[in-house]
Amino acid sequence: MPDGRPAETVRGAFRRQAKACEQLGSPFTARLCRLAADCLNEKTAVGCRVLSWPGDPSADGDALALRLFGALHALVLLHRDEELQGCYPPNHADDAALWSACEGALARHADFIIERLGSAPQTNEVRRSGALLPGFLTIAHLFGMPLVLSEIGASAGLNLHWDRYRYALPNGDWGDETSAVVIAPDWAGRPPPIGPIDIVERAGCDLNPLNPADENDRLLLLSYIWADQLDRLDRTRKALDIAASEARLVERAEAIDWLKVRLATSFPGAVHVIYHSVAWQYLPATAQRQGEALISAAGVAATDEAPIARLQMEADGQTPGAALSLQIWPGGEKHLIGRADFHGRWVAWEGWSASSRL
């Protein structure tokens, strides 16, 4: 630990995570983080494990708070702990009762929780499709061609099926009007181009892809959604059902290895779109440089008959939210096309214009 005091470093990480949870609309998870920061002790095996965490407990490192509360949420979703479930949304409990239930669960389910602590949190936020959609619409508008999709960090593939959802945009609805998944981001800025999109192929990669048809994988994904965000839970369940009804698209692979193979294929008559949302930052710096070089080289080789686009929703050190950027080849022109909330709650749209060129 940087300061030589593991427990204090962990408590500080939990307090910072509480602020982030509040900003992203989860006061309940923020409460849990603060209670753990103040009250977690070494009386249980879980407490000992957490407070002596050997790695980086911060959100930028091991995201330890999210690991812990994902494990507790899994117990609730599995109906394995009645006392804990009684304190979780939609129920309400004061801080004393909530922490008492958490402490009891830490003691009763130590093996389960410690095992879960060993795995990094994994999410597949469906509303990010609402932030990516105007980018896809822009690509279709610019080229007038079908799309081939390649998603990096695709998890269970929920954002590979974005055309099977229904969206409420400022200039009208788009997508499958019969879809159970409805995405309606708060919108600022001019409306995006609206038109039909034809997808001729889609594929993705992930270090640990989840099977949307597998109950254990579904539980894992749902457990990392914050327990008071019931709309996210409902939307994700419905998106999982859609993905489960389709062929599995996400390959277990390192991003760079997968990109090498994926970019080696040309798709004449279609735009090959490489895209990722809050995923690139988790690649090691060396892998990021290799990925940039691979995409740039593929861009140099792109033609008018087989163009390439890269659509990103990633943190850029600016606020608010994440940057939405789009680069196209031939030519390599790149624009900041907007910003979006990390969970897709809002989109601030700039579009493809000279003033947004990077």
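Derivation of every value follows stated rules applied to the coordinates shown; laboratory data play no part. Model, not experiment: these values are computed from the prediction. For neighbour counting, all protein chains shown are included, and Cβ atoms are generated from backbone atoms with ideal geometry for every residue, glycine included.
Which three semi-axes in whole Å describe the equivalent ellipsoid of the chain, each the square root of 5 times a Cα gyration tensor eigenvalue, listed largest first?
Those come to 38, 21, 19 Å.
Straight-line reach from LYS260: which lysines fall under 23 Å, measuring Cα to Cα and dropping same-chain residues less than 8 apart?
Within the straight-line limit of under 23 Å, LYS260 reaches these lysines: LYS334.
Quick one: which residues, 5+ away or cross-chain, put their amide H under 5 Å from the amide H of GLY351? H built at 1.01 Å from N.
Here the answer is GLY338, since their amide H atoms fall under 5 Å of that of GLY351.
Tell me what the chain gives for mean residue ellipticity at 222 nm when only DSSP H runs of n ≥ 4 count, each as -39,500 (n - 2.57), the sum divided by the residue total, rounded to 500 deg cm²/dmol. Let's see the in-between values first.
Numbers: 12 runs with 146 residues, N = 358.
About -12500 deg cm²/dmol.
Looking at the chain, do any whole DSSP H helices span at least 18 angstrom along their long axis by alpha carbon and average 0.5 or above on Kyte-Doolittle, and which?
64-77, 128-143
Mind checking region 303-358 for GluC sites (Glu not before Pro) that DSSP puts in a loop (not H, G, I, E or B) and that have at most 13 other Cβ atoms within 10 Å?
GLU305
Can you tell me the length gained on complete extension of the stretch LEU230 to LEU358, counting 0.36 nm per residue apart and subtracting the Cα distance?
Length gained, LEU230 through LEU358: 42.3 nm.
Where the centre of each part is set by its Cα atoms, how far does region 243-298 sit from region 131-158, in angstrom?
Spelled out, the Cα-based centre of one part sits 12 Å from the other.
Calculate the radius of gyration of the Cα atoms of region 1-129 to one decimal place, then report Dmax, the largest Cα-Cα distance, as a whole number, both in Å.
Gyration radius and largest Cα-Cα distance of region 1-129: 14.0, 43 Å.
Which GluC sites (Glu not before Pro) in region 1-88 sit in a loop by DSSP (not H, G, I, E or B) and have at most 13 other Cβ atoms within 10 Å of their own Cβ?
On the way: sites: GLU8, GLU22, GLU42, GLU82, GLU83; in loops: GLU42.
Answer in residue order: GLU42.
Amide H to amide H under 5 Å from GLU333: which residues, 5+ apart in sequence or cross-chain, H placed 1.01 Å off N in plane?
Sorted by chain and number, the residues that satisfy this are ILE328.
Rounded to whole Hz and in sequence order, give me ³J(HN,Hα) for region 145-150 from the Karplus expression 6.51 cos²θ - 1.76 cosθ + 1.60, θ = phi - 60°, writing x for Gly and Pro.
Karplus values, whole Hz, x for Gly and Pro: 10, x, 10, 10, 9, 9.
So how do GLU103, GLU151 line up by other beta-carbon neighbours within 10 Å, fewest first?
Details: GLU103 20, GLU151 25.
The order, fewest Cβ neighbours first, is GLU103, GLU151.
From Cα pairs below 8 angstrom and at least 6 apart in sequence, can you work out the relative contact order of region 6-117, rounded to a whole percent?
Relative contact order of region 6-117: 28 percent.
Taking H as built 1.01 Å from N, whose amide H comes closer than 5 Å to the amide H of GLU201, not counting residues under 5 places away?
So GLU201 has HN proximity to LEU149.
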